[in-house]
Amino acid sequence: METVLLDRFRAIGAETPKNILGEGVAAVWDEAQEQLTCWRDQLGVRPFYFVHQPGRRFVFSSDLRTLTAHPQVPLELDLDYCRAVFEHAHRFQHPHRTLCAGVRKLEGGHLLQVSRRGLHMRRYWDPAEIRPRRYADAGEYLEELRTLLEGSIRCRVASPTHTAAAHLSGGLDSSSVAAIAHKAQVEKGKTLVAYSWAPPHDHLGAIERDERPLARAVADDHGLPLEFTTLDPQDFLAHETRDLPVQPSTTLQVELATSRAARQRGASIMLSGWGGDEFAVFNGRGYFGALTTRGRWKALLREMRLRGELHGDSVLVQLRSRALLPLVPDPLLGLLPRAGSRRGFAWPECLRPEFVHALERAERFEPASLRERPGVRRTQLELLRYGHLQYRTESWASHGADIGMTYAFPLLDRRIVEFALSVPDHLYFTNGWKRWMYRAAMQGVLPDRVRWNPHKFDNAMLAQLRANRARASDAFREQLMAHRDNPYIDVEKVGTAPPPGPDDPPRVPDAAATWLAFTKVLPA
């Protein structure tokens, strides 16, 4: 692969990444030009971190721990980023900054070139430039989607030397990926095991809105081995005590145990349905706003009525929230009365005063807005720019490197994403059904009770998480107390602050600050 890549680069230079399918990062040194060219795959599935000190050095790695171990890379906290994390309650995930000062991420679909002349960065893949597809019949879209999905999955399990496993929640995306991957493995004489984040029934009996019967229905339909996940208090401790600035962590609370079970059975690739919700399996947000701006009132009212029959919302409620509110400009939206709006902000009580003073002097910046706007494609593009997709893939890549596992995301295949961004809006929302295109395309792949399930809940998984957190609370407190000398928080105050009164500004829970006790990154 490396030889092919170098040959291609010698032939067409910096245009090379445009023509590469699959996930990866690369760095190519041009001796004649004394120039390093680096790029990250289109969707940013594989991480690329770097530090540029102009005129002195350029350091890069696909792992933050490796990068920050370099003796010339300062291991300091980015106070601007840290302030945003608190002010936006952990929802802040910057597309190109990190919690380590001076350490940047190369965004997906970008390349950079660095030489003695400096650093130049540009986008080589722009999803906003994808042209629309317009076919005569909806069946053509469904057929193309099925073909693309099968090709994406098969190429990710094609290696004869690696064994694949897959997530299976009972939702559309993970269920279809697991079912198709299992079929591909069986054809090669292999077996794919699927893993649910929910607990086995002998740990938690049937509960309301239980997703496990849906996962079991998919597994039984395909003869697919299915394992549920049993958490141990050590899993909670391992997650909560990660060094967050150099070990990004999101949605790993259960995955630590799931991936360990998969590795014990020899799996080296874990297939995930992550990215489906934003693209091929998108729920159609923005469609009602688009119908409103186009004056298509008859279609709008019909779809709202049908959606109401499935989900219980009245047409009037939907008109306000799904059709009219997306049309309101951002400056005016802030003037509208909204339930639960923030009246202010207060730092966690456990933060040390000198650290709070440093945060208050830091630059304030806002995350990208994720409010619904007219147009499905427009909403999808904003989701892509938000940064949460890459943050999860970066988190899982960091964890995978620890245990020798690669995570693969077939629904983030560039071809599927380009397809999803090019199809008409109505394919995402038809006859009251959100995700209509994917549901219809999975006929013959998923059982109807899964394809046409109008709701998705993770109640069993959440119940196990809460119980495991309670079991680990004393051990976590003990570990927290062992870090009394950290410069960020007073661990003695964690959980001791009185609750805010009805007129007090909302306060970030102390629990949101405890990660600072376990980091080895120093104050800036």
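The values are calculated or read from the model by the stated rules, or taken from the named source; none is laboratory data. Keep in mind that what you see is a predicted model, and the values were worked out from it rather than measured. Backbone-built Cβ (ideal geometry, glycine too); neighbour counts: all protein chains shown. Keep in mind that these areas ignore ligands, DNA and RNA; they rest on the heavy atoms of the full protein, side chains included. Shrake-Rupley method; radii C 1.70, N 1.55, O 1.52, S 1.80 Å.
One table, with the values for the structure above:
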item: Accessible surface of the chain, 1.4 Å probe, proportion on carbon and sulfur as whole %; result: 52 percent
item: Sequence-distant residues sharing a close amide H with ALA408 (under 5 Å, placed H); result: MET270, LEU271, SER272
item: Signed unit charges on C-beta, dipole axis of the chain, positive-most listed residue TRP436, ALA472, LEU384; result: TRP436
item: FRET E, pair ARG466, GLN33, Förster distance 41 Å, beta-carbon r, rounded to 0.05; result: 0.10
item: Computed accessible area, LYS105, all protein chains, 1.4 angstrom probe, square angstrom; result: 10 Å²
item: 5 angstrom amide H check on TYR124, placed H, neighbours 5+ away; result: HIS110, LEU111
item: Dipole magnitude of the stretch 239-361 about its Cα centre (Cβ charges: Lys, Arg +1; Asp, Glu -1), debye to nearest 20; result: 580 debye
item: Zone residues, the stretch 135-157, relative to ARG415, backbone N less than 14 Å from point 7 Å out along Cα-to-Cβ; result: 143-157
item: Within-11-Å neighbourhood charge of GLY55 [Cβ basis; K, R +1; D, E -1]; result: +4
item: Estimated Rh, the stretch 403-524: Kirkwood, alpha-carbon pairs, angstrom; result: 20.2 Å
item: Accessible surface, 1.4 Å probe, highest first, among residues MET121, MET461, MET437; result: MET121, MET461, MET437
item: Residue-span extension gain [ARG371 to GLN479] - 0.36 nm each, minus C-alpha spacing; result: 35.0 nm
item: Extended-chain gain in nm, criterion 0.36 nm per residue less alpha-carbon gap, ARG305 and HIS455; result: 52.3 nm
item: Hits among lysines - C-alpha to C-alpha of LYS298 under 20 Å, sequence gap 8 or more where chains match; result: LYS434
item: Which of ARG471, ARG123, ARG56, ARG371 is most accessible, then next, and so on - probe 1.4 Å; result: ARG56, ARG471, ARG123, ARG371
item: Estimated [θ] at 222 nm from DSSP helical runs (n ≥ 4, -39500 (n - 2.57)) normalised by residues in the chain, nearest 500; result: -11000 deg cm²/dmol
item: Rg over Rh, two decimals, the stretch 333-455 (C-alpha only, Kirkwood Rh); result: 1.08
item: Neighbourhood charge, 14 Å Cβ-Cβ cut-off, centred on GLU394 and excluding it, Lys, Arg +1 and Asp, Glu -1; result: +2
item: Residue-normalised accessible area of the chain, expressed per residue, 1.4 Å probe, Å²; result: 46 Å²
item: The chain, dipole about Cα centre (Lys/Arg Cβ +1, Asp/Glu Cβ -1), debye to the nearest 20; result: 1300 debye
item: Most positive-pole-ward Cα, VAL218, TYR195, THR229, against dipole of the stretch 176-332 from beta carbon charges; result: VAL218
item: Dipole axis of the chain (+1 Lys, Arg; -1 Asp, Glu on Cβ), positive-most option in GLN318, ALA397, VAL494; result: GLN318
item: The stretch 269-306: trypsin sites (Lys or Arg not before Pro) in DSSP coil with no more than 16 other Cβ atoms inside 10 Å; result: ARG294, ARG296
item: Whether the stretch 149-294 is rounded, prolate or oblate, judged on the alpha carbon gyration tensor where a/c under 1.5 counts as rounded; result: rounded
item: SER61 accessible area, 1.4 Å probe, all protein chains in place, Å² to nearest 10; result: 20 Å²
item: Förster radius 30 Å - calculated FRET efficiency between HIS162 and ILE130 (Cβ-Cβ, nearest 0.05); result: 0.45
item: Only Lys, Arg (+1) and Asp, Glu (-1) charged, at Cβ; the stretch 157-270 dipole about Cα centre in debye; result: 460 debye
item: From the coordinates shown, Kirkwood radius over Cα pairs in Å corresponds to which of (1) 25.1; (2) 23.6; (3) 27.1; result: (1)
item: FRET efficiency, GLU208 to ARG296 (Cβ-Cβ, R0 35 Å, nearest 0.05); result: 0.40
item: With all protein chains modelled, accessible area of THR514 [1.4 Å, Å²]; result: 10 Å²
item: Cα Rg over Rh - the stretch 260-301, Kirkwood; result: 1.44
item: Cα-based shape type of the stretch 103-150, given that a ≥ b ≥ c are square roots of the gyration tensor eigenvalues and the cut on a/c is 1.5; result: prolate
item: Full-stretch length increase - ASP220, ALA524 - with 0.36 nm per residue and alpha-carbon distance subtracted; result: 104.0 nm
